[in-house]
Each structure stands twice: as structure tokens, then as C-alpha cells.
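Remarks on the structure that follows.
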Amino acid sequence: MRSLKFAIRTLFRTPFVTAIAIISLALGIGATAGIFSVFHQVLLQSLAVPNPSELVNLSAPGPKPGFGNCGRAGDCELVFSYAMFRDLQKAQTVFTDIAAYVDFAANLAFEAQTSTGDGLLVSGSYFPVLKLQPALGRLLNSNDDQLVGESQVVVLGYNYWSSRFGLDPAVLNKPLVVNGHSLTIVGVAPKGFDGTTIGMRPAVFVPITLRSLLDANHNTWSLRTDYWAYLFARLRPGVAIDAARASLGAQYYAIINDVEAPLQKDMSPQTMARFRAKPILLAPGGRGQSTVPDQAKTPLRLLFGVTALVLLIACANVANLLLARSTARAGEMAIRLSIGASRARLIGQLLTESLLLAVLGGVAGLIVAHWTLVLVTSLLPPEVQHTITFSISGTVILFGIGLTFATGLLFGLFPALHSTRPDLVSTLKNQAGQPSGAKGAARVRLLLATSQIALAMLLLASSGFFVKSLLNVSRVDLGFKIDHVATFGLSPNLNGYSVDRTRLFFQRLEDELRAAPGVTAVTMSNVPLLAGTNRSRGVAVQGFKAGPDTDSGSRYNRVGPGYFSALGIPLIAGREFTDADTVNSATVALVNQAFAKKFGLGNDAVGKLMGWAPGEDYRSTLDTTIVGVVEDAKYSDVKQKVPPQFFVPYRQDKELGGMHVYVRTWADAGQAASAITAVVKRLDPTLPVEALETLPEQVRNNTYLDRMITTLSAAFALLATLLAAIGLYGVLAYTVAQRTREIGLRMALGAAPNRVRGMVLRQVAIMTLVGALVGLAGALAVGKGAQSILFQMTGADPGVLALSAVALALVALCAGFIPAHRASRVDPMRALKYE
């Protein structure tokens with residue numbers, strides 16, 4: 001306690017130095033803790049279930065002929081057919097059980113109030129495998145998925161129960177309308193459990209056997225060529241994952257070869273061999289299944305590394321301050337040593353001061369961590385914001401505490417060791433005149449300042465890569481015009497509309513929106529533009545010869561009349577869809593240039609026939625006429641190459657579902673929101689409007705990861721450069737102060753002020769050059785590691801590196817100019833009178 005009180009008094013004798021140290025540490029610790037919060041949730045955090053290390057995820061890489069439907073839980077190597085799930089569930093002996101699930105879009109209605117949300121179709125084994133207990137009522141079990149469509153019950157997600165029902169326990173046994181079907185609420189999932197997929201927070205959990213009831217587009221339960229179910233399991237006690245893989249692999253191999261291989265048609269011998277040999281894989285499942293970690297892994301690691309470098313620069317700043325202060329306290333340390341104080345006690349006292357600084361910086365860092373999370377939140381699209389908890393959790397606080405004490409030791413240890421060296425005679429002798437720092441400490445201060453410059457150069461160049469990459473993304477030709485367009489989604493089919501009623505509703509919606517003031521065009525599409533959604537099918541095209549292993553796949557979209565003119569997509573040949581293209585007219589399609597090129601249509605595409613590729617549940621006849629060709633336009637991702645794509649009129653769709661509407665206006669598209677909601681409410685007040693935003697906002701959301709990386713890395717790079725400039729200024733100012741007598745002597749012997757300024761600035765130039773070269777090497781390494789997320793550029797862009805070097809040199813020059821100017825104004829007589 002005495003050491004702590006003395007440390008407090010000592011620190012606040014120099015409030016300016018202490019404040020600079022605390023602010024530097026707060027910025028470094030806070031930024032690192034804030035990014036760690038996101039890093040931990042996305043990449044490290046386990047599911048909120050008992051013993052998550054016992055969970056394993058199943059995947060089945062290899063040929064999957066037929067239909068594939070994969071989403072946010074993982075790519076298509078992870079999905080199984082429902083029939084295979086049941087086969088494995090019966091055959092396995094190494095798990096307590098296997099669970100299956102798939103997400104779906106849900107329209108939820110309770111007492112005439114509707115909303116949209118994520119839903120999860122789960123097997124009866126889902127909650128038992130996770131070992132979860134309900135917050136209210138009961139959870140789904142094996143009795144709920146015995147027969148298709150039989151058990152019409154629903155379990156609420158805890159967050160949905162809290163936000164929609166106010167934690168009211170009276171909801172049990174009440175009806176909740178899910179996608180137009182009344183289901184009985186039987187329970188609530190436990191608090192803290194948000195499903196098994198990062199990036200998705202289910203509002204409801206429904207038996208998997210209700211899939212065809214809640215999603216009319218999926219009714220192929222018995223097909224072994226329809227892959228859509230994600231599987232995970234819990235290991236039995238004492239069973240290792242390798243042993244489970246071997247046992248399940250043998251059972252999977254038997255099912256593939258004895259049951260599924262004989263069902264395959266039109267498969268080449270090579271593909272059949274791969275099909276028969278494909279394995280089943282097990283991977284640790286304690287963190288669930290999601291595409292988010294794979295997408296965010298590289299960016300988050302880079303950002304976490306950037307904040308760690310900012311923290312190192314802050315620590316170097318504080319170490320320099322403590323070294324400078326240790327020189328001023330050299331006499332104090334020498335006197336205390338000479339009267340019997342042990343070196344260990346003095347080191348402990350100095351480390352107490354360092355740790356106190358770190359603790360104060362860490363406490364202030366909580367505010368910076370909160371600001372960092374606020375900044376991250378502002379850069380994410382709305383649909384992502386609600387899936388991550390942007391708050392300072394207990395884990396983050398523990399991380400911050402550990403980081404605080406680690407930094408306290410990191411920047412405090414060397415100054416403490418240096419200032420307590422028992423060189424009493426020379427130290428006490430120096431008290432007679434102006435104290436001078438030891439050469440070793442001076443070298444360390446210069447080394448720390450040069451290291452700060454190197455780290456700043458690394459961060460400036462790295463952020464420059466991301467800035468240029470984002471500029472390249474912003475200049476991409478999308479192939480359509482996004483200005484003055486509002487977009488939103490509607491899913492009347494999820495409210496129980498029949499296909500004919502849905503078609504009629506959308507036709508009325510188009511007519512009423514076109515009549516609204518300021519609206520110049522209205523159209524719609526089944527697949528939203530640049531929303532990360534893909535839909536593809538194998539096709540047959542007149543004149544195109546497809547072998548057994550030929551890629552005949554194409555992206556497709558169902559669109560409304562005037563779609564291409566409304567969005568500004570140029571028509572190259574033929575005609576657009578019109579109101580006359582209905583379910584009663586001849587089926588037609590338009591194709592893009594990439595489609596025409598892939599299928600060898602050349603300039604004669606108009607008039608050619610096409611249809612679904614031959615196969616199970618496909619129309620194998622060439623029954624659709626190509627009536628037009630349009631220029632290539634981006635489909636699901638701004639950064640991806642335009643894929644082959646064909647378009648069909650939504651009015652000819654016999655399985656019409658939800659659509660996304662585009663409204664072009666004369667004025668600002670954002671002002672059309674009230675008119676849009678009024679029209680929809682007039683047509684059906686129970687139908688929720690989904691994701692109402694402008695098309696430019698949707699495009700920005702498509703590249704939110706690029707913008708987040710660029711903004712955060714640039715902000716941290718500027719912060720690091722500022723800290724490095726402060727460190728450089730401090731070192732130079734202290735060096736000039738220590739060399740006052742030398743400078744005075746030089747000037748007394750005739751040295752001009754310009755020459756003295758040049759002497760100091762030469763030191764700045766040398767430190768900047770060395771630091772820049774070291775930082776350049778680090779930046780090249782970072783650029784190489786970040787190559788996968790850079791767009792249309794390399795991680796060694798010479799323009800970025802040169803501009804970063806020039807910016808760093810200017811900052812260093814500004815930091816060094818004031819000490820150099822002060823050195824040139826030293827009064828020789830005043831400096832020499834101390835001799």
C-alpha cells in the first residue's frame with residue numbers, strides 16, 4: 001500500500017507526462033480489446049451448450065448430382081439428403097445421436113401483428129444432442145418428427161420471446177402463425193442460445209418434418225439427389241473423433257455403394273468412381289457451423305494484428321517517457337541505493353508505477369473499446385448488426401485485464417532495470433551539473449522511436465492497400481444504374497397465398513406503385529441484386545452438346561416486365577419481357593452475354609430453344625424460346641465475375657414465391673419509403689415489408705467487409721502514425737535538451753543555426769529511413785497475406801508504398817522540426833555557464 005501511495009504521488013508530480021502515457025495506453029488497449037470482442041465472438045466463442053467439445057460437424061465432399069441447397073451454415077460440401085440423414089442416424093453407434101437442421105425465411109403473425117425473422121427447421125434430436133433445457137415449456141424431441149407434416153408445434157427463440165412477448169409465460173399453447181400455418185407454441189429455447197450458426201439468430205424452431213408445409217418450393221423428401229440438411233452429432237463418452245470417423249465412414253461407404261450408386265444416371269465412369277469413393281468427414285463442432293468465420297477469418301486476424309501493433313507503439317511511447325524520467329530520477333535512485341535500499345525493492349516500486357499507469361490506461365481503454373465497437377457497428381449492414389453482441393463481455397474484460405498487466409510489465413521493465421543500476425559514484429557525481437542519460441538508455445530510446453516509425457510505415461502501407469482496393473471496388477461497372485432506385489422484399493406465399501393469388505398480388509402492386517407520384521419505373525426479381533444470393537440450374541440449349549461431366553449450369557432469375565429498361569441494363573438483341581408474357585403464353589427467356597458465350601450461341605441466340613437439363617425432377621424438353629440477349633450485369637457479388645445467366649418472366653412461374661421489388665423515382669429514392677409502405681399496407685396490412693432500402697445502400701452492404709477493413713485499418717494507421725510522431729518528438733526533444741551544452745559549444749565556435757537544425761533533422765532522416773525500410777518489408781509480408789481480399793491489385797503496389805513513405809516522411813519532418821528549431825535557438829552563453 002505504501003508503494004502504491006508513493007507511485008500515485010510520483011506520477012502526479014508530472015501530470016502532463018502521466019496524461020500522455022494514459023491516453024496512449026488507453027488508445028492501444030481499448031482498440032485491441034474492442035477488436036478482440038468481435039474476433040472472439042466470430043472465431044473463438046463456443047456454443048452456449050454443455051460440453052461443446054463433444055460436438056462434431058459432419059460433411060460429405062465429393063460429387064452431388066441433383067439439387068444442392070446450401071446457405072449461411074456452410075458450403076455445399078456440408079449438406080446431406082434427408083434420406084441419408086435418417087440412414088446414418090439408424091446405422092451409427094459412436095454418437096449419442098445425430099441432429100439435422102436447415103434455416104428458412106419466416107413470416108410470423110401473432111394476434112394480427114406480423115413480422116419477419118429467421119427460422120430453423122430441426123430434427124427431434126437437435127435439442128437433445130445439444131443437451132439443452134427449456135427456458136419455458138418444453139423443447140422439440142423425437143416425438144415431433146416421426147411423420148411428415150404431423151407435429152405442428154413451434155419453440156420460440158429466447159430473444160424473440162423477450163422482444164415480441166415481453167417474456168410472458170402465458171404464450172404457451174397459444175397459436176403462432178408461421179408462413180401462413182398456425183403452429184402451437186410449446187416452449188422457449190434457453191437464454192443465451194442463438195442456434196448453431198454464427199450470423200443467424202432464429203426466432204423460431206420448427207420440426208424438420210414441416211419443411212414442405214412451410215416452404216412450398218421444397219417437397220422432395222424422398223429424393224436422395226436433394227441435398228439440403230446440415231448434420232452434427234455428439235460423441236459418446238470415451239469415443240475419440242478419429243475412431244468415430246472410421247466407424248461412420250464404413251457405414252456411409254456401404255450406403256453410398258449399395259443404395260445410392262445404383263440410382264445415378266448419365267454419370268461417366270470417372271465421376272462414378274469418385275462418387276463411390278467419396279468420404280464422410282468429421283470436424284470439431286463446438287463452435288457450430290457457419291460461413292461467417294471463413295469469410296471473416298483473414299480480415300479479423302489482420303485487424304487484430306493492426307491493433308496489436310498500435311498497442312506496441314503506445315507501449316514504446318510510454319517506455320520512452322519512463323526512460324526519460326528515469327534519467328531525471330537517477331540521483332533519487334542512487335541516494336536510495338546508497339542508504340541501503342535494495343535494488344529489488346526499487347524495481348518493485350518502479351514496476352508499481354508502471355502497472356498503475358497501465359491500470360489507468362486500461363480503465364480509460366474501456367471507453368475506447370466501446371467507441372471501437374460503435375465504429376464497427378456503424379460499418380455493418382442491419383442484417384449483420386443483430387447477429388453479434390456489440391458489448392463489453394466478461395471475456396473481453398478478462399482479456400483487457402490480462403492485456404493491461406502485460407503492457408505494464410512490457411513498457412516498465414527495462415526502464416526499471418536501467419534506472420536502478422548500482423553505479424553510484426558516477427551517478428552522484430553527475431548531480432553536480434546537468435544530468436545526462438546513459439548512452440545505453442539513449443540508444444534504447446532511439447531504437448524504440450525507430451521501431452515506432454517502422455510499425456507506422458507498416459500500418460500506413462497496409463491501410464493504403466485496403467483503401468486502393470476499396471476504390472477499385474467502388475469503380476466496378478455493375479452493368480446497371482443504381483441511382484434513384486428503392487428496393488424491398490415481399491413474401492406473400494409465406495402468408496399462405498396460393499400461387500395464383502401471389503401472381504395477382506404482384507401485378508396489382510406493380511400497377512399501384514407505377515401510379516405513385518414521382519415513380520418512373522417499377523419491376524421485380526426473384527433473386528435480389530447484389531445481395532449475396534445465388535440460384536442456379538443445369539440447362540439444355542439447342543445446339544449445345546453436353547457430355548456426362550459437362551458443366552451445363554447457369555445462374556437464373558425470375559423477373560418482371562420492363563426489368564432491364566427499369567434498371568438500365570442494355571438490350572443487345574431481341575425484346576424484353578412484357579405484360580403479355582403470362583402463364584398462358586409461350587414460355588420465353590432472355591440470356592446475358594456470358595450465357596451466349598458459354599453455350600456457343602454467338603450472335604444467333606434469339607430464337608434458339610432451351611430448357612432444364614435432363615435429370616430427376618427436371619423438364620428435359622427444349623420448351624423455352626430465347627427472345628432476347630442483354631449485356632452482362634453483376635449478379636450476387638460486386639467483386640465476382642459476371643456468371644452465365646438467363647432470365648424468365650415471373651408471371652410464367654408455376655411455383656411463384658417471394659419477390660424483390662425495384663422502384664425508380666425522379667427524386668431521392670429514400671423519400672419513396674412512405675409511399676411504398678402505404679401501397680403495401682393498402683393491398684395487405686398483414687404483409688411485412690422486408691429490407692426496405694435504396695439500391696446504392698444494398699450495393700454498399702454487399703461490400704461491407706471491404707469498407708469495414710478499410711475504415712478500421714486507416715483509422716488505426718492514422719492513430720499509430722500520430723503516436724509514432726509523438727514518440728519521435730519526445731525522443732528528439734529530450735535528446736536536444738541533453739545535448740544543450742554540446743550545441744551551445746558548437747554555436748560558440750561558429751556553427752550557424754541552419755547547421756544545428758540540419759544536425760537534428762539528419763538524425764530524423766536516418767531514423768525515418770531505417771524505420772521505413774523495416775516497415776516496408778513488413779508491409780510487403782502483410783500485402784502477401786491479404787492478397788485474397790484485395791481487389792484488382794497486388795499486395796506490393798508501388799504507388800501505395802511510395803505514397804505511404806512520403807506521408808511518413810512528412811509526419812516525421814513535422815515531428816522533428818520543433819526540436820530542431822529549438823536547438824538552433826540555444827543561447828551559447830546560457831548553455832555554457834553550467835560548465
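The values are calculated or read from the model by the stated rules, or taken from the named source; none is laboratory data. All figures in this text were calculated on a predicted structure; none of them were measured in a lab. Backbone-built Cβ (ideal geometry, glycine too); neighbour counts: all protein chains shown. Surface accessibility is based on the protein's heavy atoms, side chains included, excluding ligands, DNA and RNA. Shrake-Rupley method; radii C 1.70, N 1.55, O 1.52, S 1.80 Å.
Criterion first (surrounded by fewer than 21 Cβ atoms within 10 Å (Cβ to Cβ), touching a Ser or Thr at 6+ places or on another chain (Cβ under 9 Å) and touching a residue at least 24 places away in the same chain (Cβ under 8 Å)) does Ala486 satisfy it?
No, not satisfied.
Scan segment 88-128 for residues that are among the charged types (D, E, K, R) and open to solvent by less than 40 Å² (accessible area, probe 1.4 Å) and jot them down.
The answer is Asp118, and nothing else.
Name the residue, out of Thr18, Thr14, that is open to solvent by less than 40 Å² (accessible area, probe 1.4 Å) and either farther than 17 Å from Val310 by Cα or not small (Gly, Ala, Ser) (or both). Working first, answer last.
Working: Thr14 fails: open to solvent by less than 40 Å² (accessible area, probe 1.4 Å).
Thr18 is the lone residue from the list that is open to solvent by less than 40 Å² (accessible area, probe 1.4 Å) and either farther than 17 Å from Val310 by Cα or not small (Gly, Ala, Ser) (or both).
Can you name every residue in segment 625-653 that is in a strand (DSSP E or B) and without any contact (Cβ under 8 Å) to a residue 40 or more places away in the chain? Before the answer, list the steps.
Of the residues in segment 625-653, the ones in a strand (DSSP E or B) are 625-630, 645-649.
Result: Thr625, single match.
Taking interchain pairs and intrachain pairs at least six residues apart, which have beta carbon atoms under 9 angstrom, with the first residue in segment 294-323 and touching a residue at least 24 places away in the same chain (Cβ under 8 Å) and the second acidic (Asp, Glu)?
Pro299/Asp706; Leu322/Glu353
Out of the residues in segment 83-99 that are at pLDDT below 95 and small (Gly, Ala, Ser), which is farthest from Ser59 (Cα to Cα)?
Ranking the qualifying residues of segment 83-99, first place goes to Ala91.
Return the pair list, or none, for Cβ contacts closer than 6 Å from residues in segment 690-718 that are part of a strand (DSSP E or B) to residues that are surrounded by fewer than 19 Cβ atoms within 10 Å (Cβ to Cβ), at least 6 apart or on different chains.
Glu690/Thr116; Glu690/Gly489; Ala691/Gly489; Leu692/Ala673; Thr694/Gly670
Taking interchain pairs and intrachain pairs at least six residues apart, which have beta carbon atoms under 7 angstrom, with the first residue in segment 57-81 and without any contact (Cβ under 8 Å) to a residue 40 or more places away in the chain and the second in a loop (DSSP other than H, G, I, E, B) and buried (at least 18 other Cβ atoms within 10 Å of the Cβ)?
Listed by first residue and then by second, the contacts come to Glu77/Ala60.
Quick check on segment 255-284: of everything there that is small (Gly, Ala, Ser) and more than 19 Å from Tyr227 (Cβ to Cβ), which residue is nearest to the chain's Cα centre (by Cα)? Explain how you work it out, then say what you get.
Taking segment 255-284 as the starting set, the residues that turn out to be small (Gly, Ala, Ser) are 261, 268, 273, 277, 283.
Now drop any that are not more than 19 Å from Tyr227 (Cβ to Cβ), which leaves 268, 273.
Details: Ser268: 40, Ala273: 38 Å.
Looking at the filtered set, the residue picked out is Ala273.
Taking segment 452-475 as the search range and keeping residues that are out of contact with any helix residue (DSSP H, G or I) (no Cβ under 6 Å at 6 or more places or on another chain) and assigned to a helix (DSSP H, G or I), which one is least open to solvent (accessible area, probe 1.4 Å)?
Ser469
Residues being acidic (Asp, Glu) and within 17 Å of Gln251 (Cα to Cα): count how many of those fall in segment 70-90.
Residues in segment 70-90 being acidic (Asp, Glu) and within 17 Å of Gln251 (Cα to Cα): 1 in total.
Output the number of residues of segment 377-421 satisfying the condition of being at pLDDT below 80, in contact with a Ser or Thr (Cβ under 9 Å, 6 or more places away or on another chain) and open to solvent by 60 Å² or more (accessible area, probe 1.4 Å).
The qualifying residues number 4.
Return yes when Leu530 is in contact with a strand residue (DSSP E or B) (Cβ under 9 Å, 6 or more places away or on another chain) and either in contact (Cβ under 8 Å) with a residue 24 or more places away in the chain or open to solvent by less than 50 Å² (accessible area, probe 1.4 Å) (or both) and no when it is not.
Spelling it out, it is not the case that Leu530 is in contact with a strand residue (DSSP E or B) (Cβ under 9 Å, 6 or more places away or on another chain) and either in contact (Cβ under 8 Å) with a residue 24 or more places away in the chain or open to solvent by less than 50 Å² (accessible area, probe 1.4 Å) (or both).
Write out, first by first residue and then by second, each pair whose Cβ atoms fall under 9 Å of each other, whose residues are 6+ apart or on separate chains, and whose first residue, in segment 241-266, is closer than 16 Å to Ala91 by Cα and modelled with pLDDT of 90 or more while the second is open to solvent by 60 Å² or more (accessible area, probe 1.4 Å) and of a type in the set (A, V, I, L, M).
From residues that are closer than 16 Å to Ala91 by Cα and modelled with pLDDT of 90 or more, the pairs are Arg245/Leu281; Gly249/Leu281; Tyr253/Ala277; Ile256/Ala277.
If I ask for residues that are of a type in the set (A, V, I, L, M), more than 13 Å from His660 (Cα to Cα) and part of a strand (DSSP E or B), which ones from segment 476-533 would you list?
Residues satisfying the conditions are Val519, Ala521.
Among the candidates Ala594, Ala573, which residue alone is at pLDDT 90 or above, not hydroxyl-bearing (Ser, Thr, Tyr) and not in a strand (DSSP E or B)?
The unique qualifying residue is Ala594.
For the subset of segment 630-644 comprising residues that are surrounded by 20 or more Cβ atoms within 10 Å (Cβ to Cβ) and among the hydrophobic types (A, V, I, L, M, F, W, C), which member is nearest to Asp706 (Cα to Cα)?
Ala633
Checking Ala675 against (1) part of a loop (DSSP other than H, G, I, E, B); (2) of a type in the set (Gly, Ala, Ser); (3) over 32 Å from the mean Cα position of the chain (by Cα), which test does it fail?
(1)
Looking only at segment 185-215, how many residues end up being at pLDDT below 85 and surrounded by fewer than 18 Cβ atoms within 10 Å (Cβ to Cβ)?
Qualifying residue count for the region: 1.
Got a number for residues in segment 267-282 being touching a residue at least 24 places away in the same chain (Cβ under 8 Å) and under 17 Å from Asp551 (Cα atoms)?
Residues meeting the conditions: 6.
Please count how many residues of segment 762-794 are farther than 25 Å from Ala725 by Cα and either part of a helix (DSSP H, G or I) or in contact with a Ser or Thr (Cβ under 9 Å, 6 or more places away or on another chain) (or both).
Selection size over segment 762-794: 10.
Got a sec? Which of Ala277, Ala261 is open to solvent by less than 40 Å² (accessible area, probe 1.4 Å) and out of contact with any strand residue (DSSP E or B) (no Cβ under 9 Å at 6 or more places or on another chain)?
Numbers: Ala277 fails: open to solvent by less than 40 Å² (accessible area, probe 1.4 Å).
One residue alone meets the criteria, Ala261.
For the condition in a loop (DSSP other than H, G, I, E, B) and crowded, with 21+ Cβ neighbours inside 10 Å, what is the one hit in Leu622, Leu656?
Matching residue, one of Leu622, Leu656: Leu656.
Report, by residue number, each residue of segment 237-253 that is of a type in the set (Phe, Trp, Tyr) and either open to solvent by less than 60 Å² (accessible area, probe 1.4 Å) or in contact with a Ser or Thr (Cβ under 9 Å, 6 or more places away or on another chain) (or both).
Passing the criteria: only Tyr252.
(1) more than 37 Å from the chain's Cα centre (by Cα); (2) assigned to a strand (DSSP E or B); (3) surrounded by 19 or more Cβ atoms within 10 Å (Cβ to Cβ): which one isn't true of Asp581, the others all being true?
With (1) more than 37 Å from the chain's Cα centre (by Cα); (2) assigned to a strand (DSSP E or B); (3) surrounded by 19 or more Cβ atoms within 10 Å (Cβ to Cβ) applied to Asp581, the lone miss is (2).
Test Asn603 against the criterion of being under 17 Å from Val630 (Cβ atoms), at pLDDT below 90 and open to solvent by 60 Å² or more (accessible area, probe 1.4 Å), and give yes or no.
It is true that Asn603 is under 17 Å from Val630 (Cβ atoms), at pLDDT below 90 and open to solvent by 60 Å² or more (accessible area, probe 1.4 Å).
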